[in-house]
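The values are calculated or read from the model by the stated rules, or taken from the named source; none is laboratory data. Keep in mind that what you see is a predicted model, and the values were worked out from it rather than measured. All Cβ positions, even for glycine, are placed from backbone atoms using ideal geometry, and neighbour counts span all protein chains on display. The accessibility values were calculated without ligands, DNA or RNA, using every heavy atom of the protein model including side chains. Shrake-Rupley method; radii C 1.70, N 1.55, O 1.52, S 1.80 Å.
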Amino acid sequence: MNSNNFWKLLGALGAAFALPWLTLIVIPFISFSNFEPVAYAEGEEVDGGVLSYPDRALQRHGASDYGRKIYAAEGCSYCHTQVVRPTYAGPDMWRPGWGGREEEKLARETQPYDYSTEAFALLGYQRIGQDLSNLGHRITTRALMHQHLSDPKSLDPDSGMPAYRHLYTESPYGKGLLPTPKAEALVDYLLSLKKDQPLPAEYVTGR
Ligand code: HEC
């Protein structure tokens with residue numbers, strides 16, 4: 001190989017790495033990092049007095065933030081995703097409850113800014129279990145959430161979900177399990193999983 005070819009090869013290699021890096025990392029990073037919350041127009045206000053998308057108040061939920069760390073540490077993301085894909089990429093929107101509140105016509109695919117109130121996004125990469133993006137609308141009581149974590153087979157004998165018994169202690173008063181603070185925080189987090197906040201018209205049509 002003469003030295004001219006060597007430089008050509010080096011240039012081609014450089015381009016092969018630089019192009020994907022630019023288009024997959026640098027450009028998305030720049031375009032996503034300057035985002036300001038979009039306010040609802042008059043008459044568009046949604047329940048709970050939420051003023052903008054994404055809802056900045058969600059950032060103040062300290063308890064569920066600890067729960068998010070437990071979720072990460074316990075490896076829930078090995079079996080559960082938190083992204084409702086666009087229908088061209090998969091049939092998520094056809095699965096009952098995955099997209100959110102269907103009866104209120106609020107079910108939708110996940111948007112990039114749905115994660116902007118989270119310290120880190122737990123997308124997951126396998127779906128042994130359901131997508132949990134909108135779990136907070138499907139399981140709404142602490143008791144049921146605890147039962148699902150401590151003894152999933154009591155709800156469905158064929159469940160492939162492991163029991164997270166180490167997050168519970170035996171009750172000293174006979175039968176039953178007591179949740180540890182970790183289990184309580186995890187349940188706070190799971191109940192808060194709702195990614196169907198209505199999108200302001202301005203966000204949908206673009207600015
Ligand atoms: C080895 C894979 C696996 C891991 C790890 C796992 N799950 Fe699951 N999970 C499943 C499967 C399979 C189901 C479906 C069967 C069922 O409902 O029990 C499920 C169902 C669920 C459900 C019910 C979802 C619904 O829509 O009704 C919840 C809640 C849940 N998992 C939470 C968790 C949490 C929290 C963790 C981490 C502490 C976790 N899972 C870890 C496999 C797993």
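Being closer than 26 Å to Gly99 by Cα, more than 8 Å from the ligand (Cβ to nearest atom) and hydroxyl-bearing (Ser, Thr, Tyr) narrows it down to one of Ser133, Ser154, so name that one. If you could, list the steps in order and put the result at the bottom.
Working: Ser154 fails: closer than 26 Å to Gly99 by Cα.
Exactly one residue qualifies, and that residue is Ser133.
What about Thr141, is it touching a helix residue (DSSP H, G or I) at 6+ places or on another chain (Cβ under 9 Å) and either under 26 Å from Ser33 (Cα atoms) or more than 13 Å from the ligand (Cβ to nearest atom) (or both)? Write out each step before concluding.
Working: touching a helix residue (DSSP H, G or I) at 6+ places or on another chain (Cβ under 9 Å): yes; either under 26 Å from Ser33 (Cα atoms) or more than 13 Å from the ligand (Cβ to nearest atom) (or both): no.
Judged against the criteria, Thr141 is not a match.
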With the first residue restricted to the stretch 109-131 and required to be without any contact (Cβ under 8 Å) to a residue 40 or more places away in the chain, and the second required to be aliphatic (A, V, I, L, M), Cβ contacts under 8 Å at 6 or more apart or on different chains are Glu109/Val84; Glu109/Met93; Tyr115/Ala121
From the option list Tyr88, Tyr66, Tyr113, single residue qualifying as assigned to a helix (DSSP H, G or I) and surrounded by fewer than 10 Cβ atoms within 10 Å (Cβ to Cβ) is Tyr88
For Ala73, the lone unmet condition from (1) surrounded by 10 or more Cβ atoms within 10 Å (Cβ to Cβ); (2) more than 15 Å from the ligand (Cβ to nearest atom); (3) under 19 Å from the mean Cα position of the chain (by Cα); (4) of a type in the set (Gly, Ala, Ser) is (2)
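Do the conditions hold for Met93, that is, is it open to solvent by less than 70 Å² (accessible area, probe 1.4 Å), more than 10 Å from the ligand (Cβ to nearest atom) and among the hydrophobic types (A, V, I, L, M, F, W, C)?
Answer is yes for this residue.
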In the set Lys194, Lys182, Lys153, the lone residue that is among the basic types (Lys, Arg), closer than 30 Å to Glu44 by Cβ and open to solvent by 40 Å² or more (accessible area, probe 1.4 Å) is Lys194
Restricted to the stretch 38-59 and to residues being modelled with pLDDT of 80 or more and open to solvent by less than 40 Å² (accessible area, probe 1.4 Å), the residue farthest from the chain's Cα centre (by Cα) is Tyr40
Would the stretch 128-144 turn up any residue that is in contact with a Phe, Trp or Tyr (Cβ under 7 Å, 6 or more places away or on another chain) and not polar (S, T, N, Q)?
yes
